[in-house]
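Here's the structure we're looking at; comments come further down.
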Amino acid sequence: MLKICVVGLSGRMGHVIFECCQGMEGCKIVSGVAKNDTPLPLGFNGEVVEDVNKLSAVPDIFIDFSRPDCSLSILDYAKEHGSRVILGTTGFDEDGKSKIVSTARSVPIVFAANFSVGVNVMLALIKKTAAIMQDADLEIVEAHHRYKVDAPSGTALAMGEVAASARGVALKDVMVAGRKGITGERQYGTIGINSIRGGDVVGEHEAMFLSDGERVTIGHTATSRATFARGALRAAEWLSQKKPGLYSMNEVLGLDKL
Ligand code: NAD
């Protein structure tokens with residue numbers, strides 16, 4: 001039985017992960033890390049702490065959908081106590097990303113900006129299209145609910161990153177996040193990302209490859225957070241057999257072998 005601690009248990013994702021795990025064989029949510037901000041999922045009767053170091057028992061694996069500062073403390077704990085980590089939190093800065101990479105030398109980690117199967121299929125299609133349509137202008141548009149705190153979304157950045165790497169450049173060198181004022185003409189080779197926030201949108205992403213006379217659009221719409229939760233639980237089972245390393249959802253789903 002895989003003993004799971006959900007980091008961000010009181011959050012939107014925490015609630016859905018708890019619901020999806022109910023009735024699953026082979027894993028159990030035994031504890032949670034959360035601030036005392038919003039109610040915990042109904043029916044949860046395990047231990048909940050705000051500081052991971054206060055946990056009374058070491059979990060086999062953390063499923064983390066919280067905030068970067070909290071996730072970094074989970075990485076320290078996992079390294080010290082030998083737990084594995086499913087990392088779904090977005091919005092890490094460069095130092096945070098470096099810490100994830102260095103921690104993965106001794107801790108098995110799956111890190112994904114988006115745990116849904118469909119988004120990972122979309123990323124694979126964007127990678128191929130960006131390589132074939134090298135000269136097309138790429139614009140990415142994403143929409144999320146009014147409570148999301150980071151922009152662009154981790155998924156939009158992942159879309160930009162796979163496209164940039166397929167074109168042999170780094171996203172940070174070509175990204176234009178939002179436009180305002182006298183911007184001048186569009187620069188060749190740039191990748192535009194625009195963010196919409198409002199209502200209860202679970203997550204919408206679209207990549208537009210625009211060239212003269214035609215446009216290819218590749219998009220994904222999430223209609224329920226359960227798609228992320230099921231993906232994270234699937235990744236947790238997969239990771240339970242793996243050695244230390246930084247894994248992606250591509251590897252969990254076997255898309256890297258296609
Ligand atoms: P939320 O605001 O509803 O929940 C955040 C949770 O983290 C809460 O339980 C809160 O108590 C806890 N938390 C925050 N800071 C903490 C701290 N310092 N110490 C202890 N607990 C702390 O957020 P959400 O909508 O559930 O999203 C959480 C994260 O997951 C975001 O970064 C979001 O972008 C990301 N997300 C990723 C995916 C994916 O597939 N990778 C999907 C959806 C959301």
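None of the figures in this text is laboratory data; all of them are computed from the coordinates on show. Given the structure is predicted, the values throughout are model-derived calculations rather than measurements. Here the Cβ is made from the backbone with ideal geometry for all residues, glycine too, and neighbour counts use every protein chain on show.
For trypsin sites (Lys or Arg not before Pro), the sites in segment 108-156 that DSSP calls loop and that have at most 13 other Cβ atoms within 10 Å are Arg146. A viscosity of 0.890 mPa s and a temperature of 25 °C, combined with the Kirkwood radius over Cα pairs in Stokes-Einstein, give a translational diffusion coefficient for the chain of 128 µm²/s. Above 18 Å, the calculated P(r) of segment 99-251 contains 62 percent of its Cα-Cα pairs. For segment 93-147, the equivalent ellipsoid built from the Cα gyration tensor has semi-axes of 27, 17, 14 Å, listed from largest to smallest. In terms of packing, defined here as the mean over residues of other Cβ atoms within 10 angstrom, the peptides 183-189, 135-141 line up highest first as 135-141, 183-189. Across all directions, the average projected area of the convex hull around the alpha carbons of segment 76-122 is 3.7 nm².
How big is the antiparallel share of DSSP beta bridges in the chain, given as a percent to the nearest 5?
Approximately 35 percent, going by the DSSP bridge assignments.
The calculated FRET efficiency for the pair Gln22 and Ile132, based on their C-beta separation and a Förster distance of 41 Å, comes to about 0.40. In segment 194-258, the ratio of gyration radius to Kirkwood radius, Rg to Rh, stands at 1.10 when only Cα atoms are counted. For Lys3, a cut-off of 27 angstrom between C-alpha atoms picks up these lysines, skipping any fewer than 8 places away in its own chain: Lys28, Lys35, Lys54, Lys79, Lys97, Lys99, Lys242, Lys243.
Per residue, the Cα convex hull of segment 183-225 amounts to 108 Å³. One way to sum up the overall shape of segment 43-179 is the equivalent ellipsoid from its Cα gyration tensor, whose semi-axes run 33, 16, 14 Å, largest first. Along its three principal directions, the equivalent ellipsoid of segment 1-95 from the Cα gyration tensor extends over semi-axes of 19, 15, 13 Å, largest first.
Note on segment 33-81: Cα convex hull, mean projected area over all directions, 3.7 nm². Sorting 234-244, 4-14 by average packing, meaning the other beta carbons within 10 Å per residue, from highest down gives 4-14, 234-244.
Looking at the calculated P(r) for segment 1-51, what percent of the C-alpha pair distances fall above 12 Å?
Pairs farther apart than 12 Å: 58 percent.
Across the options Val30, His220, Ile63, the greatest Cα extent toward the positive end of the charge dipole of the chain (unit charges at beta carbon of Lys, Arg, Asp, Glu) belongs to Val30. Where q = 0.17, 0.26 Å⁻¹, what log10 of I(q)/I(0) comes from the Debye formula for segment 134-205, counting one point per Cα? Debye output, listed in q order: -0.64, -1.16.
The peptide list 208-214, 192-198, 43-49, 86-92, put in order of mean Cβ contacts within 10 Å with the highest first, becomes 86-92, 192-198, 43-49, 208-214.
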